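Trainee: What follows is a single structure, and I will ask about it in a moment.
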Amino acid sequence: MSLHIHGSKLNFVSRALNGLRAIRLDAGNPADETPAHENVLQWVLTVWAEQGRRTRLPVSGMSMWPLLRSGERVIVRHGGASPKVGQVVVVLQGQRTIAHRVIAVRIRAASFEVHTKGDFTLVADPGWVGPDSLVGVIEQVEGRDGLSQRPGLQGFTGRLVARLSRLQGVLCMPVHALRRRGSNRQVRPGCR
C-alpha cells in the first residue's frame, strides 16, 4: 500500500526533497554517503514526532485491501509509544512510504524494530524497520462515508489479523521462493 506525500502540509518537504536530491551533507565523515534529502526527511519526521503531529495522507495500492482502499485518506500519528503488533504503520522504503501491518516487534537496547506485512500480500516485507524509518501509526481512515476507526486498524481484531497474516507469510514463503527462483531461470531453445 503506497502513500504519496502530497498536499499543502507536505509541499515544503516535497520542494526540499526535489531541491536537495543531488546534494550530500558533509557530516565531517567522508564515509557518510547519506543523501541530504533523507536527512531532511528524517529531521522533519523527528520534529513531527516530538510535536505529536497528525498528518492526512492519501492511499494508493492494494496491499492492505480491504482495510485500506485507493482513493481514501489515512490519519497518521507521528511519535508516541512504539507500535504494537496488529497496528498499521507507515514506513519509509527508499523514496516511497508504505502502509503495512506490524506482525512482530523486537526490542533492541533502548529502541525497537518492527516487522511488517501487507494484509493482501503473500509474504512479509524483507528485514526489520527501526524508528528512523517509521513515519507513524495510522489512527483513522477517511473514506467516502467520512472519518472512521475501522475494525482491524488496532486492538484485538488487528492483533488477530497480524497473527494470521504472519502464519500465512511463513506458509507461503517456500512457494514464493520457488516462484522467484523459477522466474530467474532461462528457458533453453525448444523447452517450454
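Trainee: For region 89-136, name all the residues that are polar (S, T, N, Q), within 19 Å of Q168 (Cα to Cα) and either part of a strand (DSSP E or B) or touching a Leu at 6+ places or on another chain (Cβ under 7 Å) (or both).
Mentor: Taking region 89-136 and keeping what is polar (S, T, N, Q), we get 93, 95, 97, 111, 116, 121, 133.
Next, from what is left, pick out any that are within 19 Å of Q168 (Cα to Cα): 116, 121.
Of everything in region 89-136, just one residue is polar (S, T, N, Q), within 19 Å of Q168 (Cα to Cα) and either part of a strand (DSSP E or B) or touching a Leu at 6+ places or on another chain (Cβ under 7 Å) (or both), namely T116.
Trainee: Taking the residues in region 57-75 that are hydroxyl-bearing (S, T, Y) and part of a loop (DSSP other than H, G, I, E, B) as candidates, determine which candidate is nearest to G152 (Cα to Cα). Lay out the reasoning, then the answer.
Mentor: At the first step, the residues of region 57-75 found to be hydroxyl-bearing (S, T, Y) are 60, 63, 70.
Narrowing further to those that are part of a loop (DSSP other than H, G, I, E, B): 63, 70.
Numbers: S63: 14, S70: 17 Å.
Here the residue is S63.
Trainee: Which one of S70, S82 is touching a strand residue (DSSP E or B) at 6+ places or on another chain (Cβ under 9 Å), without any contact (Cβ under 8 Å) to a residue 12 or more places away in the chain and not β-branched (V, I, T)? Show your work before the answer.
Mentor: Details: S82 fails: without any contact (Cβ under 8 Å) to a residue 12 or more places away in the chain.
Testing whether each residue is touching a strand residue (DSSP E or B) at 6+ places or on another chain (Cβ under 9 Å), without any contact (Cβ under 8 Å) to a residue 12 or more places away in the chain and not β-branched (V, I, T) leaves just S70.
Only the coordinates and a few stated rules stand behind these numbers; no lab work does. Because the structure is predicted, anything quoted here is derived from the model rather than measured. Note that each Cβ is placed from the backbone with ideal geometry, even for glycine, and that neighbours are counted across all protein chains shown.
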